[in-house]
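A.B. asks: The following block contains the structure, expressed as structure tokens.
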Amino acid sequence: MFASRFRLSFIAGTASRFITAVGIVVAILASIHANAQLPKNGPSTIKPNPHLMMVIAKRGTIELELLPQAAPKTVAHIVSLVNRKFYDGTLFHRVIKEFMAQAGDPKTRGMDGSLLHGLPDRQVAERYGIGDGGSGKRVPLEPHLPHERGTIVLARSNQVDSGDSQFFFNLKANHTLDQSYCVFGKILKGVDVMDKIEQGDRIVSMRITKGK
């Protein structure tokens, strides 16, 4: 009788220790799996999106957030141009009320912006030969985001992958352009400044302020 009780006690103890050991192993495996799901360098290494400050003469300052997750090649190209001060002194050479305001042609540097006031955009191109200039480097189309009011978009010709330095602001929501042009940023502050832009206005400077 005593031997029977001893055997039962021994078996129960062994089973309990086995269950405990299995539980520890399961916990260790779960921890390893959870850690494997984390970024290798940890979440603290994730960079914030770049911010862009654009100063427009006589109008004010616009702060934008660039969106590299949606348009990585476009944002990298624009940031490179900004860091070279490519846009400083260029004009908004094409402004269509309730639609868009376009800039980024290096041919407009040094021009008298008042010459463009009130001219239809076709006359601007024909009379002054501007509107087709760029940096010489094109980027592929990344048309993933909708054209909401206050977004900044890479301009292009009829060729799909012809975007370069020129960009435009959506002065209103222009969803007819969705999937056809690359939205690469949005205005955080200064939508009222955007609304004041007129053809011939000059960009004093563009600078990256965050997320370098």
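A.B. asks: Which entries in 172/196; 73/186; 85/210; 97/196; 73/107; 186/210 show an alpha-carbon gap greater than 19 Å?
C.D. replies: On the way: 172/196 13 Å; 73/186 17 Å; 85/210 16 Å; 97/196 10 Å; 73/107 24 Å; 186/210 15 Å.
Flagged as over cut-off: 73/107.
A.B. asks: With a point put 7 Å past each Cα toward its Cβ, work out how far residue 76 is from residue 114 in nm, to one decimal.
C.D. replies: Those two pseudo-labels are separated by 4.4 nm.
A.B. asks: Next question, about the same structure. Pulled fully out, how much extra length does the chain show between residue 58 and residue 99, if you take 0.36 nm times their separation in residues and subtract their Cα-Cα distance?
C.D. replies: Stretched fully, the residue 58-residue 99 segment lengthens by 12.6 nm.
A.B. asks: Within straight cross-link reach of residue 137, meaning Cα distance under 16 Å, which aspartates and glutamates are found once same-chain residues fewer than 8 apart are removed?
C.D. replies: Qualifying aspartates and glutamates at Cα under 16 Å: 105, 161, 164.
A.B. asks: Sticking with this one: For the stretch 47-210, rounded, prolate or oblate, judged on the Cα gyration tensor with a ≥ b ≥ c (square roots of eigenvalues), a/c < 1.5 rounded, else prolate if a/b > b/c?
C.D. replies: rounded
A.B. asks: Reachable aspartates and glutamates from residue 47, Cα under 14 Å, same-chain residues fewer than 8 places away excluded?
C.D. replies: Hits, sequence-local ones excluded: 65.
A.B. asks: From a point 7 Å beyond the Cα of residue 84 in the direction of its Cβ, which residues of the stretch 101-122 have a backbone N at a distance under 16 Å?
C.D. replies: 104-109
Just so you know, all these numbers are worked out from the coordinates, no wet-lab data involved. Quick caveat, the model's predicted, so the values are computed rather than measured. Every residue, glycine as well, gets a Cβ built from its backbone with ideal geometry; the counts of neighbours run over all protein chains shown.
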